2 protein chains.
Amino acid sequence: MKNDAPQDLLNQAAQSHHQPDVRVPITVAYGDGIGPEIMDATLKVLMAAGAQVAPETIEIGEKLYQAGHSSGIAPESWDSLRRTRVFLKAPITTPSGGGYKSLNVTIRKTLGLYANVRPCVSYAPFVATQHPKLNLVIVRENEEDLYAGIEHRQTDEVYQCLKLITRPGCEKIVRYAFEYARANGRKKVTCMTKDNIMKMTDGLFHKVFDEMAADYPDIQAEHMIIDIGAARLATRPELFDVIVTPNLYGDILSDIAAEMTGSVGLAGSANIGEHVAMFEAIHGSAPDIAGRGVANPSGLLLGAVMMLVHIGQTEVAAKIHNAWLCALEDGLTTADLQGQTPPAAGTAGAANTSPAPLGTQAFADAVIARLGRQPQQFKTVSYQQASTPRALEVTAPLYVRRPASHKTLVGVDMFVHQSALSAEDLAGRLQQCSPTGWALQMITNRGVKVWPGGYPETFCTDHWRCRFVAATENGVITQRDIVALMGALTDAGVDVIKTENLCAFDGVNGFALGQGQ
Amino acid sequence: MKNDAPQDLLNQAAQSHHQPDVRVPITVAYGDGIGPEIMDATLKVLMAAGAQVAPETIEIGEKLYQAGHSSGIAPESWDSLRRTRVFLKAPITTPSGGGYKSLNVTIRKTLGLYANVRPCVSYAPFVATQHPKLNLVIVRENEEDLYAGIEHRQTDEVYQCLKLITRPGCEKIVRYAFEYARANGRKKVTCMTKDNIMKMTDGLFHKVFDEMAADYPDIQAEHMIIDIGAARLATRPELFDVIVTPNLYGDILSDIAAEMTGSVGLAGSANIGEHVAMFEAIHGSAPDIAGRGVANPSGLLLGAVMMLVHIGQTEVAAKIHNAWLCALEDGLTTADLQGQTPPAAGTAGAANTSPAPLGTQAFADAVIARLGRQPQQFKTVSYQQASTPRALEVTAPLYVRRPASHKTLVGVDMFVHQSALSAEDLAGRLQQCSPTGWALQMITNRGVKVWPGGYPETFCTDHWRCRFVAATENGVITQRDIVALMGALTDAGVDVIKTENLCAFDGVNGFALGQGQ
């Protein structure tokens, strides 16, 4: 662990306030490729702006992979992350070839980073885009949904992935989205789900959103179905401010929005956990231009601005952000943006007279030279002063566990692998062998009811969901009855491949009806 | 059942070929709102162009809902659909209030319509759009994926939806996409999945795509991850031709692409099944302008063109399509497009001199007057002559069932509802009560391994997946062993809420490892 941010600047920052103790320790990693250059430039701007941070460095990336650490990070580095709880990370190179795990996935899972935060902003006319008014933030749930990676091949023909949506997962991400909106001066949060189809899982996300929105009367709250929302985003992005959404939708939306800004080289992002938060650029390590001092430090710098807001240093965050906007307005660019500018003739002249592209350090110096200035064309950025130094970690309890519901077992879905029989024949067989107390209620195939009363045109796979309930209206089902049913079916040669209990929670059925039921 | 297409035109079409028997019976429904007007106009154009179809009419929509048919269709109408196997459907109005089922969902499920086909085309400069070169077709799987509607609340905190992807489902939709591309003169099919995350389910879709692409050397085949693909679609739609994708992604992409064309009023769509196919406009019944004769018949007309291609009448389909393009080029519009045109000064002049908007019938007459003409600015449309009258139903076997794999049971995932214990304590308890022959291999929470060797920061819900395998390396597991394990856990008071068998198929494990395993 060594501290290798420019020492003179660090000392200067500390001395100028005569309070060396207020500096917030942060973990930084210089990464691979252009990483070291842009990290140097970024830290230089932070120090010049008076950020009260004390960086300590860890090694990650290529060297670590090659030293045999399959996730690109050494075990002792976790100590620094757990101590500082704030991680500013430059891009890394994952060596080609198998056996290497994604460092980001490892960090996200290990430290429980539940929120991926991706601001997407257009900088027209300085960066060419069809959507000059795009200025929004995607807050994406990062831990659950279909990305829990629970997949099973169940029959010859059928493969399954579990989509899990949890109340704590929803509460944490929705709470974060509203807290983020407030801290970042955003006015509206749009929730997107597909709850007209997935009434229970996406329905929970939407319900939690509505519940929590009530705590933020200063923030406008709205919900859109994801297909319509995505179409609006792609055509009228100026309608949006903050978007909060489950993992998969957020993955798709954040790539759409970033691409629409015209440059993915200017965007930072954050991964937020209850214990640790990580800040970075969204671009990669660009090994082809590494070491030449020409890389654009903007993505990492804006990631660092997010970090400063996160740790409550909102004034210095705004100061850097506004200085950076001034540099753009002055037509200053790095090589990556030269192909981007200028836009069509007749628009603002800055781009037409833009000087030769600046190198990484020169661009950083240009930002430093503008510290304290306000942008003229872009809106001045301001961040709401947080009430505590680590605002977003503590202003609201992210999740309070509730007392357990009264759960009652009302039946079971037995999933059967069977290729030769019709639904009618399968039903007959199941009825014959199921023990007293149980009644077969319906059979579905890919969700469509095929017994009783199916349609001849329904194509049936070899994967049948057979719903059993108590044979009498007031019959009580216990878990032992399910064991007995599974045993009886098995003894009769029925190939039971999975089960799903049917429960009521506080009297409300916790399962969907079959389509056509 | 009455035949009420303009009788003189029908007779004329029949007589002009002296072959009244070659007319293909089709079922038509005039629907609600503007439905009757645009259906009249559409059939008039079809007959004038020499389409060899014999429409028979069924009633659907508002009147049927109000007569107590909860799906908006009378039982006897299915006879017509099953006989003609081709359905040209005008938009309907679903009455407000609960208890009404979607007619489209009912028809899709009843008749097994596995493919939703949505051509999206920009008509710049005649319709304003930011994407003048957009011309693509989304072929969306329509029966499975997360839309099977199988959801369960499993614990106090956790809700689950099953994503099912099947080999027959993948083969049918991918086969259809390539056949469609060939019949419609399309050159490339792009498959989009998220198989870097969902390696088994989306992995199957991608694998089937690669397998089938080999049968179509004349069509370029490519695959994109859905997030990147959606971002490309939203920014550079001209990169795409035909896109084939699972249900959820297709839902999102088709709304994005339709919106990007600038008008959803000009698009038709098809829902294709093995037995029946349905063709319609993508817009609704617009009750506010019903009966005034001002509605644009273009969406339904282009749906009818898709129908003609589907039944092998490709020449007359192209004739109508080209005449319609000529009408657009001549600046002819209906009222809905008047706000849309003209685009910026300096582009093609047609729009600037466009006459007053035409009514529904006058627009149809204008198309009829242009039958036989080729467009000058737009590319002339041509459809490949199909080898049989019902090309897309029969040129390739959609799915051939394979012999069963050799399936071996290698373990089981027991899902447990438990809120008070740590992973360590839960593991101890499970190990204590599991019968001889079983070993607890791991526990995950939301997919992240928490035992053995979890991380202190991992947030745990009350929903645990506990993976059991044979205690000895060569131990054989049977379904009866699973019943015994479930029984033993139940007797010990463990709340088992679901099971998933772990199987190998022909020696290949049919389950994913835990994240961190």
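The values are calculated or read from the model by the stated rules, or taken from the named source; none is laboratory data. Computed from a predicted structure; not experimentally measured. For neighbour counting, all protein chains shown are included, and Cβ atoms are generated from backbone atoms with ideal geometry for every residue, glycine included. Note: areas computed on protein heavy atoms with side chains; ligands, DNA, RNA excluded. Shrake-Rupley method; radii C 1.70, N 1.55, O 1.52, S 1.80 Å.
Annotations
- Total residues in region B:471-503, condition at pLDDT 95 or above, more than 9 Å from chain A (Cβ to nearest Cβ) and within 30 Å of A:Ser71 (Cβ to Cβ): 0
- Breaking point among (1) in a helix (DSSP H, G or I); (2) more than 8 Å from chain B (Cβ to nearest Cβ); (3) more than 30 Å from B:Ala512 (Cα to Cα), for A:His223: (1)
- Between A:Gly35, A:Gly50, the distinction of being more than 14 Å from every other protein chain (Cβ to nearest Cβ) and on the phi > 0 side of the Ramachandran plot belongs to A:Gly50 only.
- Within region B:119-133, the residues that satisfy the criterion of being crowded, with 24+ Cβ neighbours inside 10 Å and within 26 Å of B:Glu179 (Cβ to Cβ) are B:Pro119, B:Cys120, B:Ser122.
- Residue in region A:157-203 that is farthest from the other protein chains (Cβ to nearest Cβ), counting only those that are farther than 22 Å from A:Gly312 by Cβ, among the charged types (D, E, K, R) and part of a loop (DSSP other than H, G, I, E, B): A:Asp195
- Qualifying residue in region A:245-252 (condition: touching a residue at least 40 places away in the same chain (Cβ under 8 Å) and closer than 22 Å to A:Asp32 by Cβ): no
- Filter pass, A:Ala267 being within 19 Å of A:Thr93 (Cα to Cα), among the aliphatic types (A, V, I, L, M) and in contact with a strand residue (DSSP E or B) (Cβ under 9 Å, 6 or more places away or on another chain): yes
- Region A:259-284 residues that are within 21 Å of A:Gly31 (Cα to Cα), paired with ones that are open to solvent by 20 Å² or more (accessible area, probe 1.4 Å) and among the acidic types (Asp, Glu) (beta carbon under 7 Å, 6 or more apart): A:Gly265/A:Asp336
- Applying the condition of being under 17 Å from the mean Cα position of the chain (by Cα) and over 17 Å from A:Lys163 (Cβ atoms) to region B:191-207 and asking which residue is surrounded by the fewest Cβ atoms within 10 Å (Cβ to Cβ) yields B:His206.
- Set B:Leu430, B:Leu421, B:Leu440: member being away from every other protein chain (no Cβ under 11 Å), at pLDDT below 95 and touching a helix residue (DSSP H, G or I) at 6+ places or on another chain (Cβ under 8 Å): B:Leu421
- Failed item in (1) part of a loop (DSSP other than H, G, I, E, B); (2) out of contact with any helix residue (DSSP H, G or I) (no Cβ under 6 Å at 6 or more places or on another chain); (3) closer than 30 Å to B:Val242 by Cβ, with B:Lys109 passing the rest: (1)
- Looking across region B:453-485, the residues that are among the polar types (S, T, N, Q), farther than 13 Å from B:Val412 by Cβ and either more than 41 Å from the chain's Cα centre (by Cα) or open to solvent by 30 Å² or more (accessible area, probe 1.4 Å) (or both) come down to B:Thr472, B:Asn474.
- Subset tally (residues that are free of Cβ contacts under 8 Å to residues at least 12 places away in the same chain and either in contact with a Ser or Thr (Cβ under 9 Å, 6 or more places away or on another chain) or aliphatic (A, V, I, L, M) (or both)) for region B:200-219: 2
- If the condition is being in a helix (DSSP H, G or I) and open to solvent by 20 Å² or more (accessible area, probe 1.4 Å), then region B:27-60 contributes B:Pro36, B:Glu37, B:Asp40, B:Lys44, B:Ala48.
- Looking only at region B:112-136, residues that are touching a helix residue (DSSP H, G or I) at 6+ places or on another chain (Cβ under 6 Å) and under 30 Å from A:Val448 (Cα atoms) come to 4 in all.
- Those residues of region B:238-290 which are closer than 25 Å to B:Leu308 by Cα, of a type in the set (A, V, I, L, M, F, W, C) and assigned to a helix (DSSP H, G or I), in sequence order: B:Ala257, B:Ala258, B:Val264, B:Leu266
- If you go through region A:404-413 and pick out every residue that is crowded, with 16+ Cβ neighbours inside 10 Å and within 10 Å of chain B (Cβ to nearest Cβ), you end up with 5.
- Restricting attention to region A:486-517, the residues that are over 36 Å from the mean Cα position of the chain (by Cα) and β-branched (Val, Ile, Thr) total 3.
- Residues that are open to solvent by 20 Å² or more (accessible area, probe 1.4 Å) and without any contact (Cβ under 8 Å) to a residue 40 or more places away in the chain within region B:150-190 comprise B:Arg153, B:Tyr159, listed in sequence order.
- From A:Leu239, A:Leu233, residue being over 23 Å from A:Leu113 (Cα atoms), open to solvent by 30 Å² or more (accessible area, probe 1.4 Å) and of a type outside the set (S, T, N, Q): A:Leu239
- Considering (1) within 30 Å of B:Pro168 (Cα to Cα); (2) at pLDDT 95 or above; (3) surrounded by fewer than 23 Cβ atoms within 10 Å (Cβ to Cβ); (4) of a type in the set (Asp, Glu), the lone condition that B:Glu280 does not fulfil carries the number (3).
- Of all residues in region B:134-149, those being surrounded by fewer than 24 Cβ atoms within 10 Å (Cβ to Cβ) and in a loop (DSSP other than H, G, I, E, B) number 2.
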